[in-house]
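Just below is one structure, and these are the notes that go with it.
A short reminder: the numbers here are calculations on the coordinates, not readings from a lab. These numbers were taken from a predicted model, which means no experiment stands behind them. Here Cβ is always computed from backbone atoms with ideal geometry, including for glycine, and neighbour counts include all displayed protein chains.
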Amino acid sequence: MKISDFGRKSTIIFNFSFLIFHLGFMGKIELQNITYVYGKGAPYEIKALDDVSLTFEEGKIIGLIGHTGSGKSTLVQLLNGLIKPDSGRVLLDGKDIWAEPKKIRDVRFKVGLVMQYPEYQLFDETVWKDISFGPKNMGMSEDEIKKAVVEAASFAGLKEKHLFKSPFDLSGGQKRRAALAGVMAMGPSVLVLDEPAAGLDPGARRKILGRIKDYQRQSGTTVIIVSHSMEDMAMYCDSVVVMNHGKVTMTGTPAEVFSRSDELISQGLDVPAITKVARALRNEGVDIGLDIYTVNFAAHRLLGEEEDK
């Protein structure tokens, strides 16, 4: 089976084939009073998360932003049980993921995490073997594994020639695609992406994020994206969560969050460039609102039209 066998229909086949794995899994994650401390009891202990309660709405793309050290990376590692909270609970579809510690591996099949540095999760002799590792451990048949690998690789934008190379011979952007394919091949009901477009040029960045959005819309998967790019958050997310010093400081739609630009800036964050333009226009007497977060939104507002959803 080759990537080329799927032709132009590969993305559609990929999306619908993975709906099978979502049956029975809603993809709703709740954090209840989560606290996590690094170096607990040591002189220089750090409280990475401080009594955080948060719900990630199922079937949506949620952006997670915050300055370096705000607790974002710690939070996403808690979502699939890579680390265990010091206090509080992580609920997946209403069930505490640590209720049965021996079954924590099953949680990682349902909540797939693509790390910020993909080389940390690439390890096998070839990209093919790396992508197939998860499906094998899920107990898929050989035919199912082949189909999952080919479809996931096609989705992530890997070429057939990449599949038989060592993952460590790939470029930075290709490694990121390989890591994404390895998680997608398991058909998780929740997909967590830590800086998924880092290292990609603008064209490749739009392509991979666009594919992720298309996949989410067709499959109903819950997608959580960590990014420092405010433009990416504005363009691709349904809602945004802001973190600062281990706490959640804001939640809402992109329009609601980015309209509070002064608060974001005070927390060491930025806002989309078009939001800054809207503020400058307001200062010059042209008030199109401070809830502008995409160029398309600004154009419709200036023309007095409703935004094209």
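Odds and ends about this structure:
- Packing around the peptides 212-225, 271-284, taken as the average count of other Cβ atoms within 10 Å per residue, puts them in this order, highest first: 212-225, 271-284.
- Note on Ser141 and Glu58: the extension gain reaches 27.0 nm, defined as 0.36 nm multiplied by sequence separation minus the Cα-Cα distance.
- Each other residue within a Cβ distance under 12 Å of Asp124 adds +1 if Lys or Arg and -1 if Asp or Glu, for a net charge of +1.
- Taking packing as the residue-averaged number of other Cβ atoms within 10 angstrom, the listed peptides 291-298, 182-189 run from highest to lowest as 182-189, 291-298.
- Environment charge of Gly220, counting only residues whose C-beta is closer than 10 Å and scoring Lys/Arg +1, Asp/Glu -1: +1
- Between 0 and 90°, nearest 10: helix 273-283 axis offset from the chain longest Cα axis: 10
- Net charge in the neighbourhood of Leu91 (other residues with Cβ under 9 Å of its Cβ; Lys, Arg +1, Asp, Glu -1) is 0.
- Charge dipole (the chain, unit charges on Cβ, about Cα centre) - positive-most of Gln216, Phe168, Ala204: Phe168
- If the chain linking Tyr38 and His300 were pulled fully straight, counting 0.36 nm for each residue of separation and taking away their Cα-Cα distance, it would gain 89.6 nm.
- Charging the Cβ of each Asp and Glu at -1 and of each Lys and Arg at +1, and nothing else, the dipole of the chain about its Cα centre rounds to 840 debye.
- Under 5 Å, built H, 5+ apart or other chain: amide partners of Gly66: Met243
- Our note on the geometry: Cα centres of the stretch 113-133 and the stretch 250-309, 38 Å apart.
- Taken one residue at a time, the phi angles of the stretch 189-199 give Karplus couplings (6.51, -1.76, 1.60, θ = phi - 60°) of 7, 10, 10, 10, 10, 9, 6, x, 9, 4, x Hz. Gly and Pro are set to x.
- Between Ile104 and Val277, the modelled label-to-label distance comes to 4.7 nm, taking each label 7 Å out from Cα in the direction of the beta carbon.
- Taking the Kirkwood radius as Rh and the Cα radius of gyration as Rg, the stretch 192-309 has a ratio of Rg/Rh equal to 0.97.
- The three principal axes of the Cα atoms in the stretch 3-271 give end-to-end lengths of 52, 42, 35 Å, sorted in falling order.
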